[in-house]
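Please read the structure below before turning to the comments.
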Amino acid sequence: GTSILNSSKLEGKTLVHHDFLSTSPKRATVNKMSERRKPEDAAAHITVSDPVQHSDGLNKYTSYRVDVRSSGAAPYSAVLRRYSDFSWLYDRLHKERAGAIVPPLPEKQAVSRFSAAFVEDRRINLERFLRRVSLHPELSDAPCLSVFLTADDATFHAAKAGHVVGSADMGRKKEGGMKQWFAETKTSIATSVMGNSDLVPRSPDDDLFDEIERYIHGLDTQMKNVASQASGLVRKGKEIANGMFEFGLAFSLLGQSEADGLGVSLAKMGDAADALSVLSAEQAEREGASFEEPLQDYIRTIHAVKLALSRRNEKRLTLATCLADVNAKTASLSKLRGVPGKEDKAYQTEMALVKAKESAESAREEFATVSQRVLREVDRFKREKADDMRRTVMDYIHLQITYNKRMEDVWAKLIPQLEQVQLDVPQGQPQGDNQPSDAQPAMGGSQDPTAQGMADGYRM
């Protein structure tokens, strides 16, 4: 990902100035040079490839081929999916496995989304997303993942439209729809704004979740600061690369203005600086791929943890709403009982109360399930990301060691090269003695008395 800015011809040799500050969406070459095995590589049998652009009237999109080449008894599958399909899978995973830390999906982009570089970058990240999901202990058996990977077009489109029953709630609209939303909003306002008591009693787990939320919030702040500093270092590295190139070019041009030994020495200095500029540019790209990008991915994962915690809060609100509904219906039933002429109304209210209690019990079980899932996920996050962070820092340290050794080698090789260059000296004058002695006139004749006196004065 370099662009030509200018060039200068020196003895038939063209020096091309690369803009090392320009960035490419993905550093494919550098990635291969500094690549280490990642956890998601264990799912290498899942691939995303062959991006193809389609035009459907004013609608333009890119499709990707998704292959699953399992070595076990599972059959081979190949399907075409577009970004909106991946987005559907991401949303479904949050619904089917509420409380799980769903791997981040590459973000949408409105500008240049059909450029070759962007499409390739998205393909890589979509593949990483799928592999992470397939290895996820809470997500790997999700019904929506199986539908995404294996369903034909008709079945998959039906699933997206909500007409295929493949899980507990696939094919159904959100329970309660707008009515449920208004009820939960009312409960939330009554609890947080009006100061009404929470219908879900607090437990020791709630204190633990409060502590987790504070930890994640602090971690997010600190990681963003570290990532910002890392980005600054990468940017400085690219500036150094450009500066070394300009430095080398200046010495090369200066060498062309000098003759013989001095010109050769200056040219060698220019070549060394040019080599250092290439090393600095490669180093900046490596730092971006193996240090800056992992830190950004870590921040996206922290956001996924926050989403998992928010799912538990949503389930708690749903439970509180169901309990409030039970209380309201219980109160209505107590008023209707024993009132002449209200027997039918009392019966209907009693049946509604039975359903409300069933919904409350289901919400309680779901809340407990999600709470336990979040605890498992946060524990896994701490273990895995601690190891990832250690490896990322170690990679960065090794990068710096290798880079500085290579820089030292370039300077070290330059010294003997310059020592071998014979600089031109005036005829008859010993090399290394460029000044006439005090006892002998510079031009071989007698000095002017006035000049001699001035010289004696300086000696004093």
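The values are calculated or read from the model by the stated rules, or taken from the named source; none is laboratory data. Quantities reported herein were computed from a predicted structural model and do not represent experimental measurements. Cβ atoms come from the backbone with ideal geometry, glycine included; neighbour counts cover every protein chain shown. These area figures cover heavy atoms from the full protein model, side chains too; ligands, DNA and RNA do not enter into them. Shrake-Rupley method; radii C 1.70, N 1.55, O 1.52, S 1.80 Å.
The listed residues are L139, L80, and the only one of them that is among the hydrophobic types (A, V, I, L, M, F, W, C) and in contact with a Pro (Cβ under 9 Å, 6 or more places away or on another chain) turns out to be L139.
Does L295 qualify as being assigned to a helix (DSSP H, G or I) and open to solvent by 10 Å² or more (accessible area, probe 1.4 Å)? Judged against the criteria, L295 is not a match.
The residue of region 308-328 that is most open to solvent (accessible area, probe 1.4 Å), among those that are in contact (Cβ under 8 Å) with a residue 12 or more places away in the chain and under 30 Å from M389 (Cα atoms), is R311.
Within region 69-98, the set of residues being closer than 21 Å to S140 by Cβ, open to solvent by 20 Å² or more (accessible area, probe 1.4 Å) and assigned to a strand (DSSP E or B) comprises A78 only.
Answer yes if at least one residue in region 252-274 is open to solvent by 40 Å² or more (accessible area, probe 1.4 Å) and outside any helix (DSSP H, G or I), and no otherwise. Looking through region 252-274, at least one residue is open to solvent by 40 Å² or more (accessible area, probe 1.4 Å) and outside any helix (DSSP H, G or I). The number of residues in region 83-118 being touching a residue at least 24 places away in the same chain (Cβ under 8 Å), over 30 Å from F367 (Cα atoms) and aliphatic (A, V, I, L, M) comes to 1. Just so you know, in region 99-119 the residues that are open to solvent by 20 Å² or more (accessible area, probe 1.4 Å) and among the small types (G, A, S) include one that is nearest to A304 (Cα to Cα), and it is A110. Scanning region 299-307 for any residue that is farther than 30 Å from L399 by Cβ, open to solvent by 50 Å² or more (accessible area, probe 1.4 Å) and in a helix (DSSP H, G or I) turns up at least one such residue. Scanning region 329-349 for residues being open to solvent by 50 Å² or more (accessible area, probe 1.4 Å), free of Cβ contacts under 8 Å to residues at least 24 places away in the same chain, of a type outside the set (F, W, Y) and assigned to a helix (DSSP H, G or I) gives a total of 8. Each residue in region 138-153 was checked for being touching a residue at least 60 places away in the same chain (Cβ under 8 Å) and out of contact with any Asp or Glu (no Cβ under 9 Å at 6 or more places or on another chain), and 5 pass.
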